[in-house]
Amino acid sequence: MSGIAQEIRRLKNEIPQGVRLVAVSKFHPADAIQEAYDAGQRLFGESRVQELLEKISRLPNDIQWHFIGHLQTNKVRSLIGKISLIESVDSERLLALIDSESEKAGVITDILLQIHVAREETKFGFSPEEYRTFFENESYIHYKAVKIRGVMGMASNTDDEDRIRSDFRRIYELFDSIAADKNYNLPDFNIVSMGMSGDWPVAVEEGSNMIRIGSRIFGSRAY
Ligand SMILES: *Cc1c(COP(=O)(O)O)cnc(C)c1O
């Protein structure tokens, strides 16, 4: 059995029921994805549009692809209809564009709102304030060709487990403040994507139901 297949199997044993595994295959070749596929994995995450489109054309078409990287507005159109979830919607401007392109294409695109709570790392994502305002103003009601499924977030890149835990807790609380409020009437708002190779057990303890694992499955990436 390949190392990739072995890690997929190990992870599936470790992950509690109800938590979905996104195998993050960015920067790894199609052959590596095929190995994971042969081990039963069907859900993969990619962070660059061109790379993703090439992989889609070369790999089995029952793979579900999640886009997890910063999405440039000029690349939105080429993704629409090809991915099952865009996890990294980091601004309302991007959301509006995904909505209008989806409408033109006659599809509904599932998305997550990326929330930014980590101290450093990425500058991308809704701040907690922007996120709250987005819902309080009922901005989401204008978008008919996107389905807002939940949130995605990352913890600070640190060894301090307390800090990591509190970041995840904050993301979960932001999720739950909307999911638990029936006034919003968002029945499909039920995905909390948080946790990567190094911190996923903490993320799951704090309420994640979707983890994004790259290096543990595929090894380190050569950028
Ligand atoms: C690369 C990436 C991952 C996977 O990270 P690993 O540490 O390799 O597991 C998860 N989420 C996002 C948004 C990423 O860009």
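Looking only at the range 149-206, count every residue that is of a type in the set (S, T, N, Q) and over 17 Å from the mean Cα position of the chain (by Cα) and tell me the total.
Start the filter on the range 149-206 by keeping residues that are of a type in the set (S, T, N, Q), which leaves 156-158, 166, 177, 183, 185, 190, 193, 197.
Pick out the ones that are also over 17 Å from the mean Cα position of the chain (by Cα) and you get 157-158, 166, 177, 183, 185.
The qualifying residues number 6.
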Q) Within the range 84-107, is even one residue open to solvent by 60 Å² or more (accessible area, probe 1.4 Å) and touching a Phe, Trp or Tyr at 6+ places or on another chain (Cβ under 7 Å)? A) yes
Q. Name the pairs whose Cβ atoms lie under 6 Å apart, with the first residue in the range 129-151 and closer than 20 Å to Ile80 by Cα, the second of a type in the set (D, E, K, R) and not in a helix (DSSP H, G or I), and 6 or more positions between them or separate chains?
A. Lys147/Asp110; Lys147/Asp188; Arg149/Asp110; Arg149/Asp188
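Anything in the range 81-122 that is at positive phi and within 16 Å of the ligand (Cβ to nearest atom)? List them, or say none.
So the first thing to find is which residues in the range 81-122 are at positive phi, and the list is 81, 106, 121.
Of everything in the range 81-122, just one residue is at positive phi and within 16 Å of the ligand (Cβ to nearest atom), namely Glu121.
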Q: Check the range 207-223 and report whether any residue there is in contact with a strand residue (DSSP E or B) (Cβ under 6 Å, 6 or more places away or on another chain), within 16 Å of the ligand (Cβ to nearest atom) and over 17 Å from Gly18 (Cβ atoms).
A: yes
Q. Can Ser156 be described as assigned to a loop (DSSP other than H, G, I, E, B), within 16 Å of the ligand (Cβ to nearest atom), small (Gly, Ala, Ser) and in contact (Cβ under 8 Å) with a residue 60 or more places away in the chain?
A. no
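Count, please, the residues in the range 131-144 that happen to be open to solvent by 10 Å² or more (accessible area, probe 1.4 Å) and either touching a strand residue (DSSP E or B) at 6+ places or on another chain (Cβ under 7 Å) or under 18 Å from Ser177 (Cα atoms) (or both). Even if it seems obvious, please write down each step before you answer.
Pass one, the range 131-144, residues open to solvent by 10 Å² or more (accessible area, probe 1.4 Å): 132-133, 136-144.
Filter once more, so that each one left must be either touching a strand residue (DSSP E or B) at 6+ places or on another chain (Cβ under 7 Å) or under 18 Å from Ser177 (Cα atoms) (or both): 132-133, 136-141.
Of the residues in that region, 8 qualify.
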**Q.** Residue count for the range 182-206, restricted to those that are open to solvent by less than 50 Å² (accessible area, probe 1.4 Å), on the phi < 0 side of the Ramachandran plot and within 13 Å of the ligand (Cβ to nearest atom)
**A.** 6
Q | Residue that is least open to solvent (accessible area, probe 1.4 Å) [pool: residues in the range 117-130 that are out of contact with any helix residue (DSSP H, G or I) (no Cβ under 8 Å at 6 or more places or on another chain) and part of a loop (DSSP other than H, G, I, E, B)] | A | Gly125
Q.
Based on this model, can you work out whether Ile63 counts as within 15 Å of the ligand (Cβ to nearest atom) and without any contact (Cβ under 8 Å) to a residue 40 or more places away in the chain?
A. no
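Give the range 10-51 a look and list any residue that's of a type in the set (Lys, Arg) and either open to solvent by less than 80 Å² (accessible area, probe 1.4 Å) or more than 13 Å from the ligand (Cβ to nearest atom) (or both), or say none. Working first, answer last.
Initial filter on the range 10-51 (of a type in the set (Lys, Arg)): 10, 12, 20, 26, 42, 48.
Within the range 10-51, Arg10, Lys12, Arg20, Lys26, Arg42 qualify.
The values are calculated or read from the model by the stated rules, or taken from the named source; none is laboratory data. All values derive from a computational prediction rather than experimental measurement. A quick note on method: Cβ atoms are made from the backbone with ideal geometry, for glycine too, and the neighbour counts reach across all protein chains shown. What goes into the accessible areas is simple: the full protein's heavy atoms, side chains included, and nothing from ligands, DNA or RNA. Shrake-Rupley method; radii C 1.70, N 1.55, O 1.52, S 1.80 Å.
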